[in-house]
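Some notes on the structure that comes next.
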Amino acid sequence: MSYTNEDIRKASELFFHLLNNRILPANDILASQYYDNNEIREILNNMAEEGGLRIFGTRQNLHLVTEGENSVFATTYTHMKEKYNKLYRKKHFYLANIIICIYLAEVDRENKFSFRIEDAGISYYKLEEIITNTLDSWKKRNEEEDSFSEEFAIAIDEIHNLWSVEMSHSKEAKDGVGFSLSSQTRLGFINEALKPLEQENLIINLYRENRIIPKDELYERLENLYHGGDRYEEIMELIKYTREEKKDA
């Protein structure tokens, strides 16, 4: 198929606009061209594929995301450390990823085992409790099953010690609203761990009001990227097992 210079110009403009914003409303003037113009859509998809990116559109939004592998935009631990400077060591990076997974397990509407969360979202204190219970359960299984950590590729001893021993309980903020954001505390580190979701405009982080609210854009990502993915389903099942184990205890 041949493309006009105008097609290429418009597709390039939209690509770099998406690269900067990651999510655009479907009714955005530039984004609407992806839905309405086959040539622009094909050029844009080709540009994304060459960079190891993926574009998908829903009724509400147009998303640009990084493929899990072979992407020039893939984020290494070094790059994450530069952007989120409180991820001091790799075990902080691992723990942050586990916290994101546990949060997603709580808000994913398709998970029959998840808590029924009110529209106001989940509280920091509730999430802290769930993380503690999950890591304690995994630590116990790791002591009972020699292959647990290796089988699920989770450095459970490191992250459990980091969460349970190295991090302290959070103190109330000096002004009496919210809590300390020190990453040496559990609630402060939860706030740090969820920053990628916040900066992607997938959640509303109201830490001063002790609430984390999932946005529709997060559910669009879950539906189009994670549901059915082997690693995501594996971790969700592992968290589900923990929930059911605690309920039966």
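The values are calculated or read from the model by the stated rules, or taken from the named source; none is laboratory data. Please read these numbers as outputs of a predicted model, since none were measured by experiment. Cβ: placed from backbone, ideal geometry, glycine included. Neighbour counts: every protein chain shown.
Points to keep in mind about this one:
- The criterion of at least 1 residues that are among the acidic types (Asp, Glu) and free of Cβ contacts under 8 Å to residues at least 40 places away in the same chain is met by the following helices (runs of 4 or more DSSP H) wholly inside the range 145-225: 148-152, 156-161, 195-199.
- The one condition from (1) among the acidic types (Asp, Glu); (2) assigned to a loop (DSSP other than H, G, I, E, B); (3) at pLDDT 85 or above that GLU6 does not meet is (2).
- Residue that is nearest to the chain's Cα centre (by Cα), among those in the range 218-233 that are at pLDDT 90 or above and over 15 Å from ARG54 (Cβ atoms): LEU218
- Of all residue pairs spaced 6 or more apart or on separate chains, those with beta-carbon atoms under 6 Å, a first member in the range 12-24 that is assigned by TED's automatic domain parsing to the domain that holds ASN45 and a second member that is acidic (Asp, Glu) and modelled with pLDDT of 90 or more are ILE23/GLU217.
- The residue list PHE16, PHE56 contains one member that is modelled with pLDDT of 90 or more and either in contact with a helix residue (DSSP H, G or I) (Cβ under 9 Å, 6 or more places away or on another chain) or surrounded by 15 or more Cβ atoms within 10 Å (Cβ to Cβ) (or both), which is PHE56.
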